[in-house]
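For reference, the structure is listed below as structure tokens.
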2 protein chains.
Amino acid sequence: MNPKLRLVKQRHRCEHCLFRRFFLSAGLNCDEIDQAGQTTTTNIGPYRPGEYLYHAGEQCNALYVVHAGTVKTEMVTFDGDLHVSGFYLTGELFGADGINKRNFVADAVAVENTWVCELTFDNWEKLAMDYPGLQGQLISELGRVIAHKELEALSNHYHLLEHRLMSFLSDLLNRIKERQGQQSNEIELAMTKTDIARYLGATPESISRALSKLEKSGYIKNTKRKIYILKDQSCLDAVI
Amino acid sequence: MNPKLRLVKQRHRCEHCLFRRFFLSAGLNCDEIDQAGQTTTTNIGPYRPGEYLYHAGEQCNALYVVHAGTVKTEMVTFDGDLHVSGFYLTGELFGADGINKRNFVADAVAVENTWVCELTFDNWEKLAMDYPGLQGQLISELGRVIAHKELEALSNHYHLLEHRLMSFLSDLLNRIKERQGQQSNEIELAMTKTDIARYLGATPESISRALSKLEKSGYIKNTKRKIYILKDQSCLDAVI
DNA sequence: CGATCCATTGAAGCCACTCAAGCCCGGTGG
DNA sequence: CCACCGGGCTTGAGTGGCTTCAATGGATCG
């Protein structure tokens, strides 16, 4: 990641940005937030689809939030298969796997045209000295990540691929709604279905069949780039 | 969890306790550590095998570390299957899934006779005010948990159960060695093989068969309560 | 010493994978 | 403009690994 080549002027505020929420919760007022954002965070992009933000093993010096677009993190299994470990939407934190050992566990790749917001650990520590509440905000967010991964692991153990897929789609929709703050049943897929397959530990063929089954059962409507959720996930147990 | 009924006098220091490492890293000297430990942490136990430490959904007011014994966390899938989301050995942090929303995502159950060390968020915040380095320690530890879960998810997608099982055993051995600080190839299993099955998303029958295969291939020696690792996990790709 | 749970082994069925082919669509170049 | 190409998506048949169902042996505990 080379900021010098890619630095773009921040045109609009990071409305949904996690860092902004941190600052708000820590008690900063609007002016302070603007100042803190401009002096401590760096906006990087655009990354083109398929472009790497960083590679596994590289040094990690910062926290990252998706400013616009979508990021996936992926790793290669010992037998050469590609595994997508997560998708990250606008406003979401990613790269937290690098915090402990200061280098990344997974690659990060842009799924679509993407900008990210970088906040170096150095700047974070300076901010944290001025605003002690910030550390607690980060701890809380990391706890959220852990809880989410726990639930992710749970649904990864559903026997039928249809169920894992439905659970993934529901989670995606929830995160979209959380960001937009409005009801919607539409998921605009930034990632390919092959990527979804790699995330769920399945083949594209199986995903295709599972989507067909879910559609036939009336749970979703499946188009090329969009998926509509027609029933709540709580109806899942009725899926046969 | 009722401290009043269960509070036992702390007989020996928490040598391997995560909290102790936090205090050390934050720059406390031995006297301060002893004082901080005695005034802010509570030692609870013994929990008997199968006994619940807390249930999913209950309020979470503290950080927990295994003082002695083994803890498993588990959740029930929508179709009634039990899923073990993690095993926690002496000295390891658990319950971090409750930090964000202040209530637990998974149940915590004692696997063997177990004592745990409790540090309430209230006490944590008091400590953090006196020793600012502590917050960073916790952030780092949560980052470690996230990185571990990422790698866990990776190996959960290995195609063959033998590989997932071998990966689990290697991870377990690494954690044991990390605590003991000595080389060893022996894993004393606190959990049943049925629990391992529930952790790996498999049936006890499949685990039994996978263990047999790994033993025939010379990777492990399998006894009732102990497993010996005979080859490094890096040889995994040779498993057929 | 019976009861219970765990572990193991065998036989049959099912789901997802593999291999293969065809379709759709966007991009490229003649 | 159109032919060509390539990647992603879909559908079909056959294989393989894990599950299910069933039965037995062994260990622990009241």
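Long-range amide H contacts for residue B:111: which residues qualify at under 5 Å (H placed 1.01 Å from N, peptide plane, sequence gap of 5 or more or a different chain)?
When sequence neighbours closer than 5 places are left aside, the close amide H contacts are B:50, B:70, B:71, B:72.
Between chains A and B, what is the buried accessible area in Å², counting both sides, with a 1.4 Å probe and ligands, DNA and RNA left out, to the nearest 100?
On the way: alone 13110 and 13070 Å², together 22620 Å².
Buried area (both sides, nearest 100 Å²): 3600 Å².
How many percent of the alpha carbon pairs in chain A exceed a separation of 27 Å?
Details: 10924 of 28680 pairs.
Of the Cα pairs, 38 percent sit more than 27 Å apart.
What are the residues whose amide H is under 5 Å from the amide H of residue B:86, where those residues sit 5 or more places off or on another chain and H is modelled from the backbone?
B:73
Might you work out the accessible area of residue B:84 for me, using a 1.4 Å probe with all protein chains in place, and round it to the nearest 10 Å²?
0
In nm, give the distance between the simple-model label positions of residue A:81 and residue B:177, each being 7 Å from the Cα along the Cα-to-Cβ direction.
2.6
Just grab the label-to-label distance for residue B:130 and residue B:48, each label 7 Å out from Cα along the Cβ direction, in nm (one decimal).
3.8
Can you run phi through the Karplus equation (6.51, -1.76, 1.60; θ = phi - 60°) for the stretch A:25-34 and list ³J(HN,Hα) in whole Hz, with x for Gly and Pro?
Going residue by residue, I get 5, 7, x, 6, 8, 4, 4, 4, 5, 4 Hz, with x marking Gly and Pro.
Provide, as a two-decimal number, the C-alpha radius of gyration of the stretch B:39-162 over 2.2 N^0.38 Å, N being how many residues it has.
1.12
Quick check for me: using +1 on Lys/Arg Cβ and -1 on Asp/Glu Cβ, what's the dipole size of the protein assembly as shown about its Cα centre, in debye to the nearest 20?
660
Convert each backbone phi in the stretch B:172-189 into a coupling constant with the Karplus relation 6.51 cos²θ - 1.76 cosθ + 1.60 (shift: θ = phi - 60°), then list the ³J(HN,Hα) values in order as whole Hz, x for Gly and Pro.
Working through the residues one at a time gives 4, 4, 4, 5, 5, 5, 4, 6, 6, x, 9, 6, 6, 10, 10, 10, 8, 6 Hz.
State to the nearest 20 debye the size of the charge dipole of the stretch A:3-154 about its Cα centre, where the only charges are +1 on K and R beta carbons and -1 on D and E beta carbons.
Here the stretch A:3-154 has a charge dipole of around 380 debye.
Please give the residues from the stretch A:146-171 for which the solvent-accessible area of heavy atoms, probe 1.4 Å, is smaller by at least 10 Å² with all protein chains in place than with the chain isolated.
In the stretch A:146-171, residues shielded by partner chains: A:146, A:147, A:149, A:150, A:151, A:153, A:154, A:156, A:157, A:158, A:159, A:163.
What's the carbon and sulfur percent of chain B's accessible surface, probe 1.4 angstrom, rounded to a whole number? The partial results should precede the final answer.
Numbers: 5400 of 11300 Å².
Carbon plus sulfur share of accessible area: 48 percent.
Please work out whether the stretch A:108-176 counts as rounded, prolate or oblate from its C-alpha gyration tensor, where a ≥ b ≥ c are the square roots of the eigenvalues and a/c under 1.5 means rounded, while otherwise a/b larger than b/c means prolate and anything else oblate?
Prolate, since a/c reaches 1.5 and a/b exceeds b/c.
For the protein assembly as shown, what is the largest minus smallest coordinate of the Cα atoms on each principal axis, given in angstrom and ordered from greatest to least?
60, 53, 40
Which whole number in µm²/s is D for the stretch A:158-238 by Stokes-Einstein, with the Kirkwood Rh taken over Cα pairs at 20 °C and 1.002 mPa s? Can you show the working numbers first?
Numbers: Rh = 12.7 Å.
It comes out at roughly 168 µm²/s.
Per residue, how much accessible area does the protein assembly as shown have with a 1.4 Å probe, in Å²?
Using a 1.4 Å probe on heavy atoms only, each residue of the protein assembly as shown averages 47 Å².
Once the Cβ-Cβ distance between residue A:34 and residue B:209 is put in as r, and R0 is 45 Å, what FRET efficiency do you end up with, to the nearest 0.05?
Between residue A:34 and residue B:209 the formula returns 0.15.
With labels modelled as points extended 7 Å from the Cα through the Cβ direction, what inter-label distance (nm, one decimal) is found for residue A:58 paired with residue B:103?
Distance between the two pseudo-spin positions: 4.1 nm.
Tabulate in residue order the Karplus-calculated ³J(HN,Hα) for the stretch A:204-220, using 6.51 cos²θ - 1.76 cosθ + 1.60 with θ = phi - 60°, rounded to whole Hz; enter x for Gly and Pro.
Using θ = phi - 60°, the values come out as x, 4, 5, 4, 4, 5, 5, 4, 4, 4, 4, 5, 4, 7, x, 7, 9 Hz.
The values are calculated or read from the model by the stated rules, or taken from the named source; none is laboratory data. Note that the structure is a prediction, hence the values are computed from the model and not measured. When we count neighbours, we look across all protein chains shown, and the Cβ atoms used for this are built from the backbone with ideal geometry, even at glycine. Surface areas here come from the heavy atoms of the whole protein model, side chains and all, with no ligands, DNA or RNA. Shrake-Rupley method; radii C 1.70, N 1.55, O 1.52, S 1.80 Å.
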